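Enquirer: Sharing a structure, written as structure tokens. Questions coming.
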Amino acid sequence: MSEENQSANSSQEQPVESTPTPKPTLPLPRTYGELLGRNENTGTKREWPEVVGLTAEEAEKKIKEDKPGVHVHVVPSNCFVTMDFRQDRVRLFVDDSRKVERPPRIG
């Protein structure tokens, strides 16, 4: 009788087809640096809105604490600047009393 049960069970068993599990899709790179594998979200700051209203010296000190090795350029707010982008430069746009007017950022 056990042979009959085994033959009956084997005829009822069908191979189970496994459906391929979909692979998670990664987001497309948003910048050229991400495309090259340079992760811009490494924890390094790129903008300092908290220094608006501080003097240029205080703001420069804070920026250099967060990102050592960066060159800080103090620029009057109505002055012309070049449009080139540099990873090692932060411009501080200051008013007549040398207070930071807008959030400085890398570039």
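The values are calculated or read from the model by the stated rules, or taken from the named source; none is laboratory data. Because the structure is a prediction, the values reported are computed rather than measured. All Cβ positions, glycine included, derive from the backbone under ideal geometry; neighbour counts span all protein chains shown.
Enquirer: Take the residues in the range 50-73 that are under 13 Å from Glu101 (Cα atoms) and in contact with a strand residue (DSSP E or B) (Cβ under 7 Å, 6 or more places away or on another chain), then tell me which one is surrounded by the fewest Cβ atoms within 10 Å (Cβ to Cβ).
Expert: Restricting to residues being under 13 Å from Glu101 (Cα atoms) and in contact with a strand residue (DSSP E or B) (Cβ under 7 Å, 6 or more places away or on another chain), the top hit is Gly53.
Enquirer: Return the total of residues in the range 82-96 being in contact (Cβ under 8 Å) with a residue 24 or more places away in the chain and farther than 13 Å from Lys67 by Cα.
Expert: Of the residues in that region, 2 qualify.
Enquirer: At pLDDT below 90, part of a helix (DSSP H, G or I), surrounded by 11 or more Cβ atoms within 10 Å (Cβ to Cβ) and in contact with an Asp or Glu (Cβ under 7 Å, 6 or more places away or on another chain) - does that describe any residue in the range 74-89?
Expert: No, that holds for no residue.
Enquirer: Filtering the range 93-107 down to residues that are within 22 Å of the chain's Cα centre (by Cα) and part of a strand (DSSP E or B), which residue is farthest from Trp48 (Cα to Cα)?
Expert: Once the filter is applied, the top-ranked residue is Ile106.
Enquirer: Could you check Val94 against (1) surrounded by 12 or more Cβ atoms within 10 Å (Cβ to Cβ); (2) modelled with pLDDT under 95 and say which number it fails?
Expert: (2)
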